[in-house]
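K.L.:
Sending over a structure as C-alpha cells; questions will come in a sec.
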Amino acid sequence: MKVDVGKKILSANEEYAVRNSRLLAEHKIFCLNMISSPGSGKTTILTRTINKSKDKLRIGVIEGDIQTDLDAEKIRATDAPVVQINTEGGCHLLAVQVSGALANLPVGDLDLIFIENVGNLVCPSAFELGEAGKIVVLSVAEGDDKPAKYPAIFAKSKVLLINKIDLLEVSGQVDFDIERAKADARKLNKGIEIFPVSAKTGEGFADWCDWLIESIKNARGK
C-alpha cells in the first residue's frame, strides 16, 4: 500500500488549524501569520506595532525560531505576552505547535495575536495555522523580484509590508523598484493590502496600525 506522507502531514495539520481557528473565534481574537525571509525585520515591525498600538489593542505574540529565544526577549521588553516555539531545525511552524502556544497565552485578554513564523518564504505558505490571514514582509534589501520568484506566499497573503524603506532615501544604497514590487504582488493577488514601512523610523506605521484596528472591528462585526 502506498501512503502519501505529504498529504497525511497536511491533513493532520489542517485538523489542528481548524481547532485553533475555532478557539480564536470563540475568544474573538484576530490572528495574523507573519512570514518572510530571515532578516526582513519581522520582530522589529512587531515591537514597533505593539508599542504604537498598546493603548488601543491588546496584542500577544507566538514566536517561531529554529533555535534561541532572542526575538521573544525583544517582544517581552514591550510587556506583551509572548510564547516561544523552537522548531529544532524545522523550516516552518505547525498548527499543533501553535495550539500548544495558544494554551499558554491569556487568550481571554487579547484582541490580536501575531504568529511570527520561521524565516522562510516557501515552506510556511503551505501550512495553515488557524490564522485569519497571512502577512508577507519584504525588505527592500532583498530585491524587488521576490513576488515573481516566490508567488505562493504573495498570492495567499492579506498584507504585504515593504520594510526598510528608509534605505531608499540613501542614493545608491539599494536597488529596489517599489512600484515593480507592488505591481507584481497585485498581479498575483488583486486584493492584497500594501504598506511601505520603516520599522526603524516608524514611517508608514500609522496606516498599518489603522488597518489592524479596522480589520479587528470588521472581524467582530462592529
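The values are calculated or read from the model by the stated rules, or taken from the named source; none is laboratory data. Note that the coordinates shown come from a computational prediction; the quantities given were computed from them, not determined experimentally. A quick note on method: Cβ atoms are made from the backbone with ideal geometry, for glycine too, and the neighbour counts reach across all protein chains shown.
K.L.:
Among the numbered criteria (1) in a loop (DSSP other than H, G, I, E, B); (2) closer than 20 Å to Glu15 by Cα, which single criterion is violated by Ser99?
P.N.:
(1)
K.L.:
Go through the residues of segment 106-121 one by one and say whether even a single one is among the acidic types (Asp, Glu), under 16 Å from Thr49 (Cα atoms) and not in a loop (DSSP other than H, G, I, E, B).
P.N.:
Yes: segment 106-121 contains one or more residues that are among the acidic types (Asp, Glu), under 16 Å from Thr49 (Cα atoms) and not in a loop (DSSP other than H, G, I, E, B).
K.L.:
Does any residue of segment 36-47 turn out to be surrounded by fewer than 14 Cβ atoms within 10 Å (Cβ to Cβ) and either assigned to a loop (DSSP other than H, G, I, E, B) or at pLDDT below 95 (or both)?
P.N.:
yes
K.L.:
Does Arg220 meet the test of being within 30 Å of His27 (Cα to Cα) and among the basic types (Lys, Arg)?
P.N.:
In short, yes.
K.L.:
Answer yes if at least one residue in segment 11-27 is aliphatic (A, V, I, L, M) and at pLDDT below 95, and no otherwise.
P.N.:
yes
K.L.:
Hey, another quick one. Write out, first by first residue and then by second, each pair whose Cβ atoms fall under 8 Å of each other, whose residues are 6+ apart or on separate chains, and whose first residue, in segment 22-50, is farther than 18 Å from Phe205 by Cβ while the second is buried (at least 18 other Cβ atoms within 10 Å of the Cβ) and of a type in the set (Lys, Arg).
P.N.:
That search, which allows pairs on different chains as well, returns Asn33/Lys134; Ile35/Lys134; Ser37/Lys146.
K.L.:
Would you tally the residues in segment 122-174 being under 27 Å from Arg19 (Cα atoms) and in a helix (DSSP H, G or I)?
P.N.:
9
K.L.:
Mind counting the residues in segment 58-76 that are in contact with a helix residue (DSSP H, G or I) (Cβ under 7 Å, 6 or more places away or on another chain) and outside any strand (DSSP E or B)?
P.N.:
Matching residues across segment 58-76 total 4.
K.L.:
Could you list, in sequence order, all residues of segment 156-173 that are surrounded by fewer than 16 Cβ atoms within 10 Å (Cβ to Cβ) and in contact with a Leu (Cβ under 9 Å, 6 or more places away or on another chain)?
P.N.:
Result: Gln173, single match.
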